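What follows is a single structure, written as structure tokens, with notes after it.
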Amino acid sequence: AAVMAAEALSRVPDVQIDGDGVFKYVLVRVRGAGAPAKDVVRGHGWAEYHADLFERTAEELARHGLSCECLGGGRVSHRPEERKIHVYGYSV
């Protein structure tokens, strides 16, 4: 089970954020049974609340037998044409 969990964990992208704009993000710790945890970032403009991002991420991970907890979040301003990402704010 630990080998399968480690494989599933290795397939989870470290970062998924929108290509441009200002949007909310969450930092999520992902775990598989008997496997080490890893932290991932998810940030998308469609999310009205940080909880929306976390719930969508948790549902996707659960389909692969992985669990997660939200460590926090905030906002991201992503300006790819300037090669800049500004991370700021916080989420309770």
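Model label points for residue 38 and residue 10, set 7 angstrom from Cα along the Cα-to-Cβ axis, are 0.9 nm apart. Applying 0.36 nm per residue to the separation of residue 31 and residue 48 and subtracting their alpha-carbon distance, the gain on full extension is 3.5 nm.
Of all accessible surface on the chain at a 1.4 Å probe, what whole percent is carbon and sulfur? Heavy-atom surface of the chain belonging to carbon and sulfur, 1.4 Å probe: 53 percent.
Here the average projected area of the convex hull drawn through the C-alpha atoms of the chain stands at 5.9 nm².
The mean sequence separation of alpha-carbon pairs under 8 Å and at least six residues apart, normalised by the residue count of the chain, gives a relative contact order of 31 percent. Accessible surface calculations at 1.4 Å, restricted to protein heavy atoms, place the chain at 63 Å² per residue. Over all other residues within a Cβ to Cβ distance under 10 Å of residue 91, the charged ones net out to +2, with Lys and Arg as +1 and Asp and Glu as -1. Rounded to the nearest 20 debye, the dipole size of the chain about its Cα centre is 200 debye, using +1 on the Cβ of Lys and Arg and -1 on the Cβ of Asp and Glu. The loop-placed chymotrypsin sites (Phe, Trp or Tyr not before Pro) in the chain, going by DSSP, that have at most 13 neighbouring Cβ atoms within 10 Å of their Cβ come out as 46, 49, 90.
The values are calculated or read from the model by the stated rules, or taken from the named source; none is laboratory data. Quick caveat: nothing in here was measured; it's all calculated off a predicted structure. In this analysis, Cβ positions are derived from the backbone assuming ideal geometry, glycine residues included, and neighbour counts consider all displayed protein chains. Accessible surface areas use protein heavy atoms only, side chains included; no ligands, DNA or RNA. Shrake-Rupley method; radii C 1.70, N 1.55, O 1.52, S 1.80 Å.
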